[in-house]
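Okay, so here's the structure we're looking at.
The numbers here are math on the coordinates, done by the rules we state, and not lab data. None of these values were measured; they are calculated from a predicted model. Cβ: placed from backbone, ideal geometry, glycine included. Neighbour counts: every protein chain shown.
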């Protein structure tokens, strides 16, 4: 029996020795990786969600933050694919506000890694509230009628429209102009649609983007 056991161990001794050495090397490599620490710098995007229908994010600074992580090499390597965007919830924001958030409070760190630094530390969000206002429409003329024509009357329908703008700027909107009407190209009375001019303070026209223009032109040389 001892002789059989001896033969069992000595049979293919070289092959068995090589296999043992390979197993030890693999174990040492894996064990070494687990104990090796590394650092990684990543860009993490900032996302805003749950913005109310009457609100708009006017400014978001920064749109991404730079974070430095440290940990076991395998965890740091995995963090590059598992990093989650910084998400800021604006569900309860209902009026124009300038908001500041600590980026670290909204950063989700993957398991096995440690945050070393984050830059910038603050996230600034500026939101504006939409409001509406009714204002009169004014026709914008250019040029002159050819003699002996004269403009007897000019009207638009509707003569007032509702515009939407930011609450902080809406009071600056006192009138809405039409696109230019070139009188030098008009030879008789007319009725046609004409677009309203949208300025930087007018975000949207609520009901009308154009109005009906009516011009009554008379010829002074015509016999009465």
Length-normalised contact order of segment 36-120, Cα under 8 Å, at least 6 apart, in percent, tallies to 40
The simple spin-label model distance between residue 193 and residue 49, using points 7 Å out along Cα→Cβ, in nm, is 4.0
Between the alpha carbon centres of segment 92-125 and segment 157-224 the gap in Å comes to 47
The exposure ranking of 175, 127, fewest beta-carbon neighbours within 10 Å first, is 175, 127
Each label sits 7 Å from Cα toward the beta-carbon; between residue 204 and residue 87 the label points are separated, in nm, by 2.5
If R0 = 41 Å, then residue 41 and residue 97, at their Cβ-Cβ distance, give a FRET efficiency to the nearest 0.05 of 0.80
With label points set 7 Å from each Cα along the Cα-to-Cβ direction at residue 168 and residue 140, the distance between them in nm comes to 2.5
Using the Cα gyration tensor of segment 36-120, the equivalent ellipsoid's semi-axes, largest first and to the nearest Å, work out to 31, 11, 9
